[in-house]
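Novice: Starting off with a structure, shown below.
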Amino acid sequence: MDSRTKAESEILAGRPVDAVVYIWYPCRSFPFGHASIYIGGVPQYPWHDFNSDNSYFPNTPQHSARTDDNYMSFLAEPDIPRGTLSCAGALNSLQADFVAPPHLEYYLIGLDVEKMQQQKREIYNGKMYGNRRMSHSYNFINKNCATMVAKILKAGGVENLLNLVQRIGYTKNIYWTPKDIAQLCNELRNNDNAVKVRAQDCPDKLKSPFKTLMGFR
């Protein structure tokens with residue numbers, strides 16, 4: 001009997017991956033955790049110290065992270081404050097993030113790639129303040145890495161992949177954490193719209209009770 005999930009079987013049969021969500025729980029590289037997203041396929045890992053053969057779907061067409069702008073990773077620039085609670089936001093590269101491999105990967109299907117790309121471009125372009133264009137500000141509460149991933153998923157129609165109860169639980173969130181994004185992707189997996197890959201070094205909840213209590217794990 002085939003133990004593969006429906007989503008896994010469809011991807012292995014050739015269905016394109018619409019996005020890959022990456023989750024880092026608190027670690028040396030990301031003390032509070034991190035979430036990012038690659039839109040429109042599966043990225044290629046072009047640097048020598050990362051094993052590209054460990055891709056969960058080796059037969060899926062991959063795209064070079066050096067030439068594509070499909071990756072969205074939103075971080076803080078704490079040395080550039082903007083008001084009391086905010087600072088300048090910065091966009092990180094796939095290669096810079098993957099100095100520490102992610103703890104979780106979610107391969108998503110059923111989303112609108114073009115609309116997700118459009119939302120990503122809007123984030124990249126920043127905002128106009130008078131005649132000056134500035135990058136988005138980073139705020140730990142309502143404009144963080146997970147918030148940006150959620151914006152892109154919503155633009156891609158993630159609500160259409162959730163049942164009524166799931167929509168109530170996730171689509172009205174104002175505050176997002178990497179853990180919230182992981183839980184949303186778990187719901188997509190339960191609905192046969194995602195494949196979850198867990199790294200061997202993914203931290204255990206029982207070994208991180210404080211971080212679990214604070215919502216970081």
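Novice: State whether one or more residues within segment 128-135 are in contact with a Lys or Arg (Cβ under 8 Å, 6 or more places away or on another chain), aliphatic (A, V, I, L, M), in a strand (DSSP E or B) and at pLDDT below 90.
Specialist: Scanning segment 128-135, I find at least one residue that is in contact with a Lys or Arg (Cβ under 8 Å, 6 or more places away or on another chain), aliphatic (A, V, I, L, M), in a strand (DSSP E or B) and at pLDDT below 90, so the answer is yes.
Novice: While we're looking at this one, here's another question. Tally the residues that are modelled with pLDDT under 95, surrounded by fewer than 19 Cβ atoms within 10 Å (Cβ to Cβ), part of a loop (DSSP other than H, G, I, E, B) and not hydrophobic (A, V, I, L, M, F, W, C), restricting the search to segment 92-121.
Specialist: Result for segment 92-121: 3.
Novice: If you scan segment 139-154, which residues turn out to be touching a Phe, Trp or Tyr at 6+ places or on another chain (Cβ under 8 Å), assigned to a helix (DSSP H, G or I) and not hydroxyl-bearing (Ser, Thr, Tyr)?
Specialist: Cys145, Ala146, Met148, Val149, Ala150
Novice: Among the residues of segment 25-41, which ones are hydrophobic (A, V, I, L, M, F, W, C) and closer than 11 Å to Ile181 by Cα?
Specialist: Ala35, Ile37
Novice: Go through the residues of segment 169-188 one by one and say whether even a single one is over 23 Å from His103 (Cβ atoms) and exposed (fewer than 14 other Cβ atoms within 10 Å of the Cβ).
Specialist: Yes, that holds for at least one residue.
Novice: Restricting segment 139-160 to residues that are over 15 Å from Asn70 (Cβ atoms) and small (Gly, Ala, Ser), which is surrounded by the fewest Cβ atoms within 10 Å (Cβ to Cβ)?
Specialist: Gly157
Novice: If you take the residues of segment 189-217 that are modelled with pLDDT under 75 and not in a helix (DSSP H, G or I), which of them is surrounded by the most Cβ atoms within 10 Å (Cβ to Cβ)?
Specialist: Arg217
Novice: Within segment 123-138, take every residue that is loosely packed, with under 15 Cβ neighbours inside 10 Å and among the aliphatic types (A, V, I, L, M) and give me the one that is nearest to the chain's Cα centre (by Cα).
Specialist: Met134
Novice: Looking only at segment 4-39, count every residue that is out of contact with any strand residue (DSSP E or B) (no Cβ under 7 Å at 6 or more places or on another chain) and either over 16 Å from Asn193 (Cα atoms) or crowded, with 16+ Cβ neighbours inside 10 Å (or both) and tell me the total.
Specialist: 8
Novice: Just to verify a result, which residue in segment 155-174, among those that are part of a helix (DSSP H, G or I) and within 21 Å of Asp18 (Cβ to Cβ), is modelled with the lowest pLDDT? Spell out the reasoning first.
Specialist: From segment 155-174, those part of a helix (DSSP H, G or I) are 155, 158-161, 164-170; that's our starting set.
Checking which are within 21 Å of Asp18 (Cβ to Cβ) leaves us with 155, 158-161, 166-167, 170.
Values: Ala155: 97, Val158: 97, Glu159: 95, Asn160: 96, Leu161: 96, Gln166: 92, Arg167: 90, Tyr170: 82.
If we take residues in segment 155-174 being part of a helix (DSSP H, G or I) and within 21 Å of Asp18 (Cβ to Cβ), then Tyr170 is modelled with the lowest pLDDT.
Novice: Pull up segment 73-91, narrow it to residues that are touching a residue at least 12 places away in the same chain (Cβ under 8 Å) and in contact with a Cys (Cβ under 9 Å, 6 or more places away or on another chain), then point me to the one that is farthest from Glu10 (Cα to Cα).
Specialist: Glu77
The values are calculated or read from the model by the stated rules, or taken from the named source; none is laboratory data. Fair warning: this is a prediction, and the values are worked out from it, not measured in the lab. With ideal geometry, Cβ positions are generated from the backbone for all residues, glycine too; neighbour counts draw on all protein chains shown.
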